[in-house]
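None of the figures in this text is laboratory data; all of them are computed from the coordinates on show. All of these numbers come straight from a predicted model, not from anything done at the bench. Because the Cβ atoms are built from the backbone with ideal geometry, glycine has one as well, and the counts that use them run over all protein chains shown.
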Amino acid sequence: MGDVLAVDRLTMDFGGLRALCTVDLRVGQGEIVALIGPNGAGKTTLFNCITGIYAPAEGAIVITRPGGAPRRINGFKVSRVTELGMARTFQNIRLFPTMTVLENVMIGRHCRAHAGIRGAIIRDRATRREEEETVARSYAILCRFGLAGQADEPARSLPYGAQRRLEIARALATEPFLLLLDEPAAGMNPRETDELEELILRIRTEEGISILLIEHDMRIVMSISDRIVVLDHGEKIAEGTAAEIRENPIVVKAYLGEDFHAPA
């Protein structure tokens, strides 16, 4: 299995502040990799560089669709990165609150649509067929996420945990091979967190999608991650399995704390 994401010596500056310093990161096909570290360590900045929101000062970002050729994506627009097969969620939920649950997922299908302005105006047979396919595929995703019963309700009416699931469902509608989740468990209660953990594992197992996630809930991180990468002050200070990170004295001192006890 090869890498679907390779980040080499990535550096990002904001004025005189160096937010990331020569960071290396790999995500293999079918892997779940967690990115952890204190607040301000540079985790979301790294996500923003990978997904095209920021253009890094130095370094390379290369993605490889399974079965495809490596492609350097530095400087690509967010929409182009999505078209190439990466999707992400955000720390703060970014749904369209007044649109229905189904419509939110349908928006995720936009990057896979072929009908242009002309098709939208004349609504020929191909355009209508594509619209029907978009509705069917979006509804099927809602079924897998347990949200089909709320398909016609406005997104803002969903409970918090369901809104988180909907945001992930919309990301999956883009047909990614790599999914980036930015603190998906933030604000969830224990039951919602358990459901999220099961959902992430299902996405990897059933969809074959690789996952890179930022998360502060160490129970989830230690439970589902194949590898963990630790950032501190913009630098990678450690990388390894859950067992290795749990026992790493540098990580314990910088982030986990001396009294940290995660499930084995």
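Taking Lys and Arg as +1 and Asp and Glu as -1, the other residues whose beta-carbon sits under 13 Å from that of R80 total +2. Percent of C-alpha pairs per 5 Å bin in the chain, short distances first: 1, 6, 12, 16, 18, 17, 13, 9, 5, 2, 1, 1, 0, 0. Bridgeable lysines around K77 (alpha carbons under 27 Å apart, same-chain partners fewer than 8 residues away excluded): K43, K236.
Computed from the alpha carbon atoms alone, the convex hull of segment 154-203 holds 78 Å³ per residue. With a simple spin-label model that places each label point 7 Å from the Cα along the Cα-to-Cβ direction, the separation between R156 and Y54 comes to 3.2 nm.
Where only DSSP H runs of four or more residues are counted, the chain gives -10500 deg cm²/dmol as its mean residue ellipticity at 222 nm, each run worth -39500 (n - 2.57). Excluding residues on the same chain fewer than 8 positions from K253, give the aspartates and glutamates whose Cα lies under 12 Å from its Cα. Output for K253: D232. When peptides 159-169, 16-26 are ranked by their average number of other Cβ atoms within 10 Å per residue, the highest-first order is 159-169, 16-26.
Averaging Cα coordinates gives a centre for segment 130-200 and one for segment 1-60; these two points are 25 Å apart.
Give me the Kirkwood hydrodynamic radius of segment 1-100 in Å, from all C-alpha pairs, to one decimal place?
Values: mean 1/r = 0.0685 Å⁻¹.
14.6 Å is the Kirkwood radius here.
Take every pair of alpha-carbon atoms less than 8 Å apart whose residues are at least six positions apart; their mean separation over the length of segment 147-248 yields a relative contact order of 20 percent.
Counting Lys and Arg as +1 and Asp and Glu as -1 over every other residue whose Cβ lies under 11 Å from the Cβ of L158, the net charge comes to +1.
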